[in-house]
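Derivation of every value follows stated rules applied to the coordinates shown; laboratory data play no part. Bear in mind the structure is a predicted one, so any value in this text is a computation, not a measurement. Here Cβ is always computed from backbone atoms with ideal geometry, including for glycine, and neighbour counts include all displayed protein chains.
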C-alpha cells in the first residue's frame, strides 16, 4: 500500500510491484490523489495544463511517474526510505496566495535577556522573526 499526501488530502493507493524508482500511477489514481488530471496535452488542473516532457521518460505501461512530473513542474516531492509514503508539495506561488491577510498565530518567545514577548503585543508594527535549528 502507498500513501500520497497532497494539500489537505491523504490517499491510500495499491503499491505497484516491480517498479523501484518513482511514483508510477494510472490516470485515475493521479486524479484521486492530487486533483490533477493526466490528459493528452499534459497534467491539467482547472485551466492550467503542463505539457509532459517530450522524451517520454515519465510514461510507462499506461502509468505516469508522478514524482518525476512533480519535480518537472518545479514542485517539491518527498518520500520515506521505503517509498511507501509520498508528499507532493505546493509551489511558492500557491502558498503565497494563501498568505495575504492571514494573521500569524499568537505566540510568546523570550528575547536574548530572557524577557518574554507576545506577538500580539507588536500588532500593527513590522516584525522580523529569525529562527534557527541545529537539526
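You can think of it this way: the chain between residue 26 and residue 106 has 24.5 nm of extra reach, that is 0.36 nm per residue less the Cα-Cα gap. Dividing the convex hull volume of the alpha carbon atoms of the chain by its residue count gives 168 Å³ per residue.
With the highest mean first, a sort of the peptides 115-128, 1-14, 46-59 on other beta-carbon atoms found within 10 angstrom per residue produces 1-14, 46-59, 115-128.
The simple Förster model, with R0 at 30 Å and r as the Cβ-Cβ distance, assigns residue 80 and residue 118 a FRET efficiency of 0.20.
Summed over qualifying helices (DSSP H, 4 residues or more, each -39500 (n - 2.57)) and divided by its residue number, the chain shows a 222 nm mean residue ellipticity of -4000 deg cm²/dmol.
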